[in-house]
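A short worksheet on the structure shown next.
Nothing in this text is a laboratory measurement; each read-out follows from the coordinates by a stated rule. Being a predicted model, the structure only gives us computed values, none of them experimental. Every residue, glycine as well, gets a Cβ built from its backbone with ideal geometry; the counts of neighbours run over all protein chains shown.
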């Protein structure tokens with residue numbers, strides 16, 4: 001397993017991270033424990049979660065994923081072996097999170113972190129991420145920016161001040177961004193530099209063969225500012241495995257179970273996915289491993305966050321870390337991308 005520096009810090013994280021958002025919804029605690037042990041055996045040291053998980057978010061399951069991880073640490077005692085990352089939820093239509101108004105202000109961030117630490121059975125987080133911006137902007141499938149002149153949002157400066165204090169207090173070692181835009185990322189970095197405050201070390205955004213929009217405005221920032229991408233949805237909710245081709249809806253699949261993820265279900269996405277699957281098969285590659293290996297190989301990616309609902313999927317996804325794509329395969333990927341760019345942003 002390759003290890004990469006997390007931003008400008010002295011922490012090194014595995015190029016593959018273990019995502020957890022199915023735990024407590026599609027996966028039981030016992031299955032989650034099996035996944036953690038399998039990932040660790042493969043060299044993974046990076047575990048990513050969030051207070052909001054599992055997904056899709058529901059009041060009945062809210063915080064269950066963190067509870068499962070906390071129970072794992074309680075039983076196994078290997079917290080020190082992991083770089084542990086979690087996230088604080090921003091404002092949205094979720095009445096079950098802090099009275100339905102989880103802003104990224106002092107009150108909410110402090111309360112969220114304390115609760116996460118308790119659930120996770122730890123007294124610090126290696127990485128604490130802002131799950132999405134407090135302000136209204138384009139994320140979660142919104143490609144174009146629409147300005148809301150009446151938007152009332154927590155100032156980035158206030159959010160940064162709280163995070164800086166938490167770093168100094170030892171509650172978190174570092175903080176990162178998520179679902180952030182080029183403007184928001186630049187603003188956090190500028191305020192940190194000019195005010196001498198803690199600096200964001202990572203940005204967790206979607207990135208996969210069907211959504212390479214990160215490359216347009218954020219890839220240069222990620223490289224030049226050393227704020228690498230933690231890529232989520234690298235398989236576009238398994239669309240890139242080919243399991244949903246020709247209208248198939250396999251039992252237990254996320255697109256079969258949950259209608260909220262329809263951004264990965266449109267004619268252009270289907271056509272592009274079919275082309276990528278055919279390319280992989282033409283070169284004797286597993287489609288999922290090809291898609292994952294592409295993400296991991298990008299120079300702006302710090303870690304590729306994989307997820308699975310069973311051990312067979314997990315072992316296959318972990319195996320992608322050893323795959324080096326040929327120039328011919330990479331050229332084939334670019335040819336498809338030119339014809340059908342970003343059909344599932």
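Computed on the Cα trace of the stretch 53-104, the radius of gyration divided by the Kirkwood hydrodynamic radius gives Rg/Rh = 1.06. Shape verdict for the stretch 158-254, please, from the Cα gyration tensor: rounded (a/c under 1.5), prolate (a/b greater than b/c) or oblate. Because a/c hits 1.5 or more and a/b exceeds b/c, the stretch 158-254 counts as prolate. For the chain, modelled as a GNM whose springs connect Cα atoms under 10 angstrom apart, the maximal fluctuation among 275, 331, 236 occurs at 331. Neighbour counts of other Cβ atoms within 10 Å put 105, 286, 48 in the fewest-to-most order 105, 286, 48. What number, in percent, do you get for the relative contact order of the chain if the mean sequence gap of Cα pairs under 8 Å and at least 6 apart is divided by its residue count? Contact order relative to length: 18 percent. Report, in degrees rounded to the nearest 10, the 0 to 90 angle that the Cα long axis of helix 287-297 makes with the longest principal axis of the chain. Between the helix axis and the principal axis of the chain, the angle is about 50 degrees. For the options 181, 302, 122, a Gaussian network treatment of the chain with springs between C-alpha atoms closer than 10 Å singles out 122 as fluctuating the most. Computed from Cα positions, the angle between helix 327-339 and the longest principal axis of the chain comes to roughly 80 degrees. Between the helical axis of 156-168 and the longest alpha-carbon principal axis of the chain there is an angle of about 80 degrees. If you build a Gaussian network model of the chain, linking Cα atoms that sit under 10 Å apart, which residue out of 206, 234, 91 swings the most? In this elastic network of the chain, the residue with the biggest mean-square fluctuation among 206, 234, 91 is 91. Where both bridge residues fall in the chain, DSSP classifies roughly 15% of the beta bridges as antiparallel.
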